[in-house]
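The values are calculated or read from the model by the stated rules, or taken from the named source; none is laboratory data. For clarity, every value in this text was computed on a predicted model and none was experimentally measured. For neighbour counting, all protein chains shown are included, and Cβ atoms are generated from backbone atoms with ideal geometry for every residue, glycine included. When the accessible area is computed, the model is the full protein with side chains, heavy atoms only, and any ligands, DNA or RNA have been set aside. Shrake-Rupley method; radii C 1.70, N 1.55, O 1.52, S 1.80 Å.
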Amino acid sequence: MSAVGLPIVFVDLDGTVLRCRAGRRAMLDAVEDVAGRPASDADRATFTGRTDAFIAAELLRRAGHAADAEDVARVHARYLERLADELPVQGCFALPGAVELGRALADAARAGRCAPPLLLTGNLREGARRKLLTAGLLDVYGHAGAFGDRHEDRIDVAREAVAMAGGARPVVIGDAPADLRAARAVGARCVLVATGPVPAGELAALDPDVLLDSLVDVDRALAALFGTP
C-alpha cells in the first residue's frame, strides 16, 4: 500500500522515548581521549537536541583541537567504545508510555492509518541502536530512520528523514526546541513532550501543535500525532 498522504511519525530518542545517562559521559571521555585535554559542557542546554556530529566538533573546538571530519570520526569511534562501557553502569531505560506508544504506532501502520514510523535523532546510527537495545525499545521502534552521524544541523537530518518517507505526511515527536525547529523547516506537524531537560513552560512558549506532559496516555498521544480530536 502506498504511503502517500498517510501520516508518518518521526521519533526522537533521548528525552522523548528513552532516558540514557551514559551518552554524555561517553562523549566527554571520547573527546578528551582524542584531544588530549578535557572540554566543558557546563552550558549543557547548548547541546540539547543537537546531533552527535555537532557535539563532537564543538567539544573538540572547546578543547583547542582541530574539528575536521577525520577528527570527528575519531571521536565517534571512541565514543561508541566508551558507550559500550558506560551503558551497563549508567543505564538506559524507556520512558513511561514509550513501549505502548511504539506498539500502538505499529498497530496503526498495519491497519493502514499511518506509515511505519522512522527515527529522527541526533544520535549516531550505532549509538541509537545500542540505546534502543538497552532500553528494550529496539524491537518496538526498529532502527530505520535518519541519524546524526554526518549532519551538524538537525534540519538536515529531518530532510533526510523526509526523503525516506515515500510521500507520507511527517509528524515529529520530540522534547526540545531543536525538534520543533526541524519540524517547521520540513513543514511537519510537531508534538513536544515535557519529559526531557527543557521545562514545560519553555516548550509551551514555542507554540508546538501539541504539548504533552508524557506519553502515558497513549490514546491522547496518538490523537496529538494524527491531529484527531
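State to the nearest 20 debye the size of the charge dipole of segment 1-138 about its Cα centre, where the only charges are +1 on K and R beta carbons and -1 on D and E beta carbons.
360
How high is the relative contact order of segment 1-86, in percent, counting Cα pairs under 8 Å that sit 6 or more residues apart?
Value for segment 1-86: 35 percent.
What is the spin-label model distance, in nm, from Leu138 to Asp217 if the labels are put 7 Å beyond Cα along the C-beta direction?
Between Leu138 and Asp217, the label points sit 3.4 nm apart.
Summing Lys, Arg as +1 and Asp, Glu as -1, what charge do residues with Cβ under 13 Å from the Cβ of Arg184 carry, Arg184 excluded?
+1
Please work out the average accessible area per residue across the chain, using the 1.4 Å probe convention, and give it in Å².
43
Please compute the modelled spin-label separation between Arg21 and Arg44, points set 7 Å along Cα→Cβ, answer in nm with one decimal.
1.1
Length gain on complete extension for the stretch Phe93 to Ala185, per 0.36 nm per residue less the alpha carbon to alpha carbon distance?
30.1 nm
What accessible surface, in Å², does a 1.4 Å probe find on Glu202, ignoring ligands, DNA and RNA and rounding to the nearest 10?
Counting only protein heavy atoms, the figure is 110 Å².
I want to check the label-to-label distance for Ala84 and Thr228. Put each point 7 Å from Cα in the C-beta direction and report it in nm to one decimal.
4.4
Non-local amide H neighbours of Leu6 (under 5 Å, H modeled in plane, Pro and chain starts lacking H): which ones?
Result for Leu6 returns Arg169.
Grab the other residues whose beta carbon is less than 12 angstrom from that of Arg82, score K and R as +1, D and E as -1, and report the net.
Spelling it out: positives minus negatives among the neighbours equals -2.
Ignoring ligands, DNA and RNA, please state the percent of accessible area on segment 1-73 from carbon and sulfur, probe 1.4 Å.
Its accessible area is 50 percent carbon and sulfur atoms.
Using alpha carbon centroids, what distance separates segment 66-124 and segment 140-197, in Å?
Here the answer is 12 Å between Cα centres.
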